[in-house]
2 protein chains.
Amino acid sequence: MIQEDDQQHKPDQGMKFSSMKSLDSVLLTDLYQLTMLQGYYEQGMDKTAVFEFFVRDLPSERGFLLTAGLEQVLQYLENLHFTAEERDYLKSTGRFSAGFIDSLAVLRFTGDVHAMAEGSVFFPNEPILRITAPLPQAQLVESRVINLLHYQTLVASKAARCVLAAPGKLLVDFGMRRSHGGEAGLLAARAAYLAGFDGSSTVLADPAFGVPGYGTMAHSFVQVHDLEAAAFEHFAHAQPDNVVLLIDTYDTEAAAQKVVELAPRLAQQGINVKAVRLDSGDLFDHARQVRAILDAGGLQQTRLFCSGNLDEHQLRAFVEKGVPMDGFGVGTLMDTSADAPYLDCAYKLQEYAGIARRKRSEGKGTWPGRKQVYRRYDDNGVMATDIVTLEDDVQAGRALLRPVMQAGKRMQPLPSLAESREHAQRELQTLPAPLRKFQEFHYGVEISAALKQLAHEVDMQPH
Amino acid sequence: MIQEDDQQHKPDQGMKFSSMKSLDSVLLTDLYQLTMLQGYYEQGMDKTAVFEFFVRDLPSERGFLLTAGLEQVLQYLENLHFTAEERDYLKSTGRFSAGFIDSLAVLRFTGDVHAMAEGSVFFPNEPILRITAPLPQAQLVESRVINLLHYQTLVASKAARCVLAAPGKLLVDFGMRRSHGGEAGLLAARAAYLAGFDGSSTVLADPAFGVPGYGTMAHSFVQVHDLEAAAFEHFAHAQPDNVVLLIDTYDTEAAAQKVVELAPRLAQQGINVKAVRLDSGDLFDHARQVRAILDAGGLQQTRLFCSGNLDEHQLRAFVEKGVPMDGFGVGTLMDTSADAPYLDCAYKLQEYAGIARRKRSEGKGTWPGRKQVYRRYDDNGVMATDIVTLEDDVQAGRALLRPVMQAGKRMQPLPSLAESREHAQRELQTLPAPLRKFQEFHYGVEISAALKQLAHEVDMQPH
């Protein structure tokens, strides 16, 4: 830092090195990881380090969080290596010693990972991932591990609120276009599905993760036709099994009437209008009017699907008012987690060479040591309280952190995404009622006596 | 939509198809693009369509926006194609006809692109990109074009405010870890640099884009040493040309004193402490105290670098109060554009088969036709007013949209990132003073008489 690279004007022609073309490159990290690794190398510091990922505080708009992204973290750790090109690049920067760069050729992730299952509810100060590995490995992975866990957890936590707000409604992720880059769009589809969405409009999310695809038409399809009714008819013939017509391009109710007029002709050809979509204006009002027009026209089976700047609060309002909507496309506000676009999360050193460590920076202090979280339930199976303690301080309750990787290898395959999705639904059902209703509620997370004692002992050490 | 894919539990093992492994896959799009393309195919609708990308309204926290992402859009268009694997996947979904899927084998982008130069200031209703191409091509690219332009523009616009707030200070992007996915982290580094930042902590942004790298140490480096002073000394030996020490792990002022005590010993070995970094607590207060300690200890040349939840408002406050900070790391709040995490942007059909088109959806109406934006300046070279009009309605002022791609080929290389960065600095210098100061100010964007007349004529058409 405060070290400029040479400032010549480099061409902006995309990646110059083939092994750095993808986000899988180990160089998708912060430079300080590498400068620190150089320091560790010079000092021969490669004893076992323990880092944990946790959230310090909840955003004011969230009462709980849902874990997501573990699968991508494990893939990242399994793939961790420096290609020859990447090492050549590092050499070219002049920042690192030849010996250090050579040592990177054999660097792989050989550590252990403990984690909460994807789709688990969690709260501040609870580690959801622990990495135990030789210091350089555990350090190097910090930036991308945070990047992968943070975003999917952010979106899954937002999506879970939509699921709670609109039980029984079809929920589809529509947010790729305004998500922050392509990876966000793709991973948002996964995170939303994990949290209970039915699918996503993002095509690639199906071959990538098995997230069911949903899609209809855009306004442009209507606009390129001189007559809206012709657009509807053409679309019905092109997608006879999936006729969902967007009816708000010009005049919503007039378009609904056109659908009614078109439907008998389509029916003669065996084509049903499965649904209409509303995307603008007062959705409350339009939905009622459109439902009435469709019903009066004999299209009681045609469903209503709505989109346009929706979030959990809108969904809840629709449901509470009994507006006759059957499904919702939720996009930008979920995929950017717009009301809480980041989490105050960290990946922090807890132990090195067998000695517990703690950062005491003002407002950013951490609890030292290898930790476990126990969750206790009331007689109705509702979450009652969590306790965060040291790994070897066994408590009553369900232990949430489990070993998932040992010596760099998965101990067994993680649950499938569909299985994690089912786990998430069970988790949401055990939430205290106020959290299910987005009411002010502070869930109790207790710090154990053993953990407080260790923190005190660590603080007594001179630095 | 409302069309579930088969719901069997697919394994969540990452991409199954090699050509779909990367975000370059054409399937990183919305499913409705493909269902619409099937409709266009059935109807033989492949005449020239014109789409424009624009922002409808500014977030309340922004007085202007800065364009970014054009280079990535052109790369995407140049690469547009369906691999055999991707076509096989589409076939496997059962949603599309064989003839349509076969037609995708030869689909390439053969259209024209007009755009504002990257690093240009722009306002609502001003197209920053226009695509003129056969309808299926122009339609298909919508989702990813929005995705690429939206995010970089979002970050460049936020970063530009930081640059305006802290003139002459070193500004470094620190945000990768909490950006939304890896592509966001990488592109945020590019967008921030374009807007005037000095560099980024993201290593890959240098080989990818020539963004200078910056990096120091994390708290963990201090914590793995029993003594903070030993950590400082080890880091100085490992990075002798770039000694920047993080001093807030335990007690900031005590650490500053340790730096003073260490400095003479390092100086004997020819090593200077280039800077110290503060990352927590009351940065105002700590910076003054640390500056005094360093100065009293003879380290007047050692610079102060600060990070920790910074944005343009913090930077401005520091600068206005004359706090002795030399540089800033700006991270999460910029890379997520936290106070305005998305733009109300759209990519909308303006013309098809030579006829202007307009969507009239409530609150989402658009101006029809192929447009140009002219900017007029006052005698001091400050932006005075913009006028949005039809392409063939030549007006006084500087035309902001220029042709950059013709028949699918770049007309010439775009400016380098460094050149675009210089352009952005010139643009920021021509902003009206209230916009430079984040004051309430509504910059005048006039809709021309010709454009209003065309909109009126389009509205007269029956639909």
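The values are calculated or read from the model by the stated rules, or taken from the named source; none is laboratory data. Everything numeric in this text was worked out from a predicted model, so none of it was measured. Please note: Cβ atoms are built from the backbone with ideal geometry, for glycine as well, and neighbour counts cover all protein chains shown.
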Notebook entry, point to check: Of all the helices (runs of 4 or more DSSP H) wholly in segment A:406-463, which have at least 1 residues that are in contact (Cβ under 8 Å) with a residue 40 or more places away in the chain and basic (Lys, Arg)?
Noted result: A:417-429, A:433-436
Notebook entry, point to check: Which of the residues belonging to segment A:330-341 are crowded, with 23+ Cβ neighbours inside 10 Å, at the interface with another protein chain (Cβ under 9 Å from one of its Cβ atoms) and not acidic (Asp, Glu)?
Noted result: A:THR332, A:THR336, A:SER337, A:PRO341
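Conditions tested, residue by residue: (1) closer than 30 Å to A:VAL155 by Cβ; (2) under 13 Å from the mean Cα position of the chain (by Cα).
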| position | (1), (2) |
| --- | --- |
| B:THR132 | no, no |
| B:GLN137 | no, no |
| B:VAL141 | yes, no |
| B:LEU170 | no, no |
| B:GLY181 | yes, no |
| B:GLY185 | yes, yes |
| B:ALA189 | yes, yes |
Check: Of all residues in segment A:56-70, how many are touching a Phe, Trp or Tyr at 6+ places or on another chain (Cβ under 9 Å) and surrounded by 24 or more Cβ atoms within 10 Å (Cβ to Cβ)?
Finding: 5
Next item on the list: Please specify each residue of segment A:1-54 satisfying the condition of being part of a loop (DSSP other than H, G, I, E, B), modelled with pLDDT of 80 or more, more than 7 Å from chain B (Cβ to nearest Cβ) and out of contact with any His (no Cβ under 7 Å at 6 or more places or on another chain).
Entry: A:ASP24, A:GLY44, A:ASP46, A:LYS47
Check: Among A:GLY298, A:GLY281, which is over 24 Å from B:GLU362 (Cα atoms), among the small types (Gly, Ala, Ser) and surrounded by fewer than 20 Cβ atoms within 10 Å (Cβ to Cβ)?
Finding: A:GLY298
Next item on the list: Tell me which residues, restricted to segment A:118-137, are in contact with a Ser or Thr (Cβ under 7 Å, 6 or more places away or on another chain) and hydrophobic (A, V, I, L, M, F, W, C).
Entry: A:PHE122, A:ILE128, A:ALA133
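For (1) at the interface with chain B (Cβ under 8 Å from one of its Cβ atoms); (2) aliphatic (A, V, I, L, M); (3) in a loop (DSSP other than H, G, I, E, B); (4) without any contact (Cβ under 8 Å) to a residue 40 or more places away in the chain, each residue gets a yes or a no:
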| site | (1), (2), (3), (4) |
| --- | --- |
| A:ALA191 | no, yes, no, no |
| A:PRO207 | yes, no, no, yes |
| A:VAL211 | no, yes, yes, no |
| A:SER220 | yes, no, no, yes |
| A:HIS225 | no, no, yes, yes |
| A:PHE235 | yes, no, no, yes |
| A:ASP241 | yes, no, yes, yes |
| A:ASP248 | yes, no, yes, yes |
| A:ALA254 | no, yes, no, yes |
Item checked: Residue among A:ASP173, A:ASP248, A:ASP241 that alone is surrounded by fewer than 24 Cβ atoms within 10 Å (Cβ to Cβ) and not hydrophobic (A, V, I, L, M, F, W, C) -> A:ASP241
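What residue, among those in segment B:410-430 that are more than 17 Å from the chain's Cα centre (by Cα) and farther than 21 Å from B:TYR377 by Cα, is nearest to the other protein chains (Cβ to nearest Cβ)?
Initially, segment B:410-430 is screened for residues more than 17 Å from the chain's Cα centre (by Cα), giving B:410-413, B:426, B:429-430.
Going one step further and asking which of them are farther than 21 Å from B:TYR377 by Cα, we end up with B:410-413.
Values: B:ARG410: 11, B:MET411: 16, B:GLN412: 13, B:PRO413: 8 Å.
Per the criteria, the residue is B:PRO413.
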Note to self: Take B:ARG108 and tell me if it is under 17 Å from A:VAL203 (Cβ atoms) and not β-branched (Val, Ile, Thr).
What the structure shows: no
Next item on the list: Hey, could you check segment A:386-398 for residues that are surrounded by 15 or more Cβ atoms within 10 Å (Cβ to Cβ) and hydrophobic (A, V, I, L, M, F, W, C) and say which is farthest from the other protein chains (Cβ to nearest Cβ)?
Entry: A:ILE387
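Of the residues that make up segment A:392-402, is at least one basic (Lys, Arg) and within 18 Å of A:GLU446 (Cβ to Cβ)?
Taking segment A:392-402 first, the residues basic (Lys, Arg) are A:398, A:402.
Among the residues that remain, those that are also within 18 Å of A:GLU446 (Cβ to Cβ) are: A:398.
Checked segment A:392-402: at least one residue is basic (Lys, Arg) and within 18 Å of A:GLU446 (Cβ to Cβ).
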Checklist line | Count of residues meeting criterion [within 7 Å of another protein chain (Cβ to nearest Cβ) and either not charged (D, E, K, R) or not in a helix (DSSP H, G or I) (or both)] in segment A:166-189 | finding: 11
Check: How many residues are of a type in the set (S, T, N, Q) and at pLDDT 95 or above when one looks only at segment A:239-268?
Finding: 3
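How many residues, within segment A:354-385, are within 14 Å of chain B (Cβ to nearest Cβ) and in a loop (DSSP other than H, G, I, E, B)?
The first filter runs over segment A:354-385 and keeps only residues within 14 Å of chain B (Cβ to nearest Cβ), leaving A:354-369.
After this cut, where a residue has to be in a loop (DSSP other than H, G, I, E, B) as well, the list is A:354, A:357-369.
Residues flagged as within 14 Å of chain B (Cβ to nearest Cβ) and in a loop (DSSP other than H, G, I, E, B) within segment A:354-385 amount to 14.
Kindly indicate whether any position in segment B:334-353 is part of a helix (DSSP H, G or I) and in contact (Cβ under 8 Å) with a residue 24 or more places away in the chain. Step through it out loud before you land on a result.
The first filter runs over segment B:334-353 and keeps only residues part of a helix (DSSP H, G or I), leaving B:334-335.
Among the residues that remain, those that are also in contact (Cβ under 8 Å) with a residue 24 or more places away in the chain are: B:334-335.
Looking for residues that are part of a helix (DSSP H, G or I) and in contact (Cβ under 8 Å) with a residue 24 or more places away in the chain, one finds at least one in segment B:334-353, hence yes.
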Notebook entry, point to check: Can you spot a residue in segment A:270-279 that is in contact with a Pro (Cβ under 8 Å, 6 or more places away or on another chain), more than 9 Å from chain B (Cβ to nearest Cβ), in a loop (DSSP other than H, G, I, E, B) and not aromatic (Phe, Trp, Tyr)?
Noted result: yes
Notebook entry, point to check: What is the number of the single condition among (1) surrounded by 24 or more Cβ atoms within 10 Å (Cβ to Cβ); (2) more than 13 Å from every other protein chain (Cβ to nearest Cβ); (3) assigned to a strand (DSSP E or B) that B:THR132 does not meet?
Noted result: (1)
Check: Are any residues in segment A:310-367 under 16 Å from B:THR332 (Cβ atoms) and polar (S, T, N, Q), and if so, which ones?
Finding: A:THR336, A:SER337
Notebook entry, point to check: For segment B:342-353, how many residues are over 25 Å from the mean Cα position of the chain (by Cα) and at the interface with chain A (Cβ under 8 Å from one of its Cβ atoms)?
Noted result: 2
